[in-house]
Ligand SMILES: [Zn+2]
């Protein structure tokens, strides 16, 4: 395997680079423009891993302007077949508490205007998004999380809002009343673009606070920004160790449907 190739991609920033003994940062060009930043490639165990901060190293790309297509395509060009996409999210349900992890299995797309497909024609391509997240990687994440004594919720739907504004109280109360688990700004179209490239994708979400609707309904107390920062700091290492052990245990071969997402997606 060349030094410019990787099997596993992680959308994580420089905090993750310490997981690798040594790494090389490379610039990748794509037909969709440059990705959010240089990509750091290195070795973890016997795996080649590529790290890319989705917001850019200087956090210069807010969620609604992240070059999602370039980021996914850059990973594809490196040979990546699995992507782990950690992020920080708000909880929509009282029993999903700050500091908990959620491995979601569905999304609700409330974004608008984002470039969310690689297939603008001429060949009509309609992939199924019935199961947008890789079941195998989800199972592995939950299993390892529980082994590491992390409170990890297996499944749940995440609402992806356009941002950069947060939800209104009415929007948030609606999401909560639908039984949806979490709210964030980056899962769409990131996860579906990965599937369009037949890449397995899993989201590891860290709950930082309760969304406004749960608080308004009296289900939970509002969380101050100081408390959010505390949750982030105290959980950074747990996110890293979960991802590290996942990388070590991802099997080399794939027997999940993600690898064949395009098989029945083309018309004519
Ligand atoms: Zn898969």
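The values are calculated or read from the model by the stated rules, or taken from the named source; none is laboratory data. Source: prediction; values computed, not measured. Cβ sites come from the backbone with ideal geometry, for glycine too, and all protein chains shown count toward neighbours.
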Heads up, the strands (runs of 3 or more DSSP E) in region 1-107 (entirely inside) with at least 1 residues that are touching a helix residue (DSSP H, G or I) at 6+ places or on another chain (Cβ under 8 Å) and modelled with pLDDT of 95 or more are 8-10, 39-44, 47-51, 82-91, 101-103
Considering residues that are under 23 Å from the mean Cα position of the chain (by Cα) and away from the ligand (no atom under 16 Å from the Cβ), the number found within region 228-268 is 19
Check: more than 16 Å from the ligand (Cβ to nearest atom), assigned to a helix (DSSP H, G or I) and under 24 Å from residue 16 (Cα atoms), is that true of residue 206?
Finding: no
Taking the criterion of being within 16 Å of the ligand (Cβ to nearest atom) and either at positive phi or touching a strand residue (DSSP E or B) at 6+ places or on another chain (Cβ under 9 Å) (or both), would at least one residue in region 210-220 satisfy it? no
Within region 249-268, residues being in contact with a strand residue (DSSP E or B) (Cβ under 7 Å, 6 or more places away or on another chain) and more than 18 Å from residue 117 (Cβ to Cβ) number 3
Residues in region 140-163: is at least one under 22 Å from residue 71 (Cβ atoms) and out of contact with any strand residue (DSSP E or B) (no Cβ under 6 Å at 6 or more places or on another chain)?
yes
Within region 216-248, the residues that are touching a helix residue (DSSP H, G or I) at 6+ places or on another chain (Cβ under 6 Å) and assigned to a loop (DSSP other than H, G, I, E, B) are 220, 222
Exactly one of 179, 163, 213 is touching a helix residue (DSSP H, G or I) at 6+ places or on another chain (Cβ under 9 Å) and closer than 19 Å to residue 106 by Cβ, and that residue is 213
Assigned to a loop (DSSP other than H, G, I, E, B) and surrounded by 15 or more Cβ atoms within 10 Å (Cβ to Cβ), is that true of residue 198?
-> yes
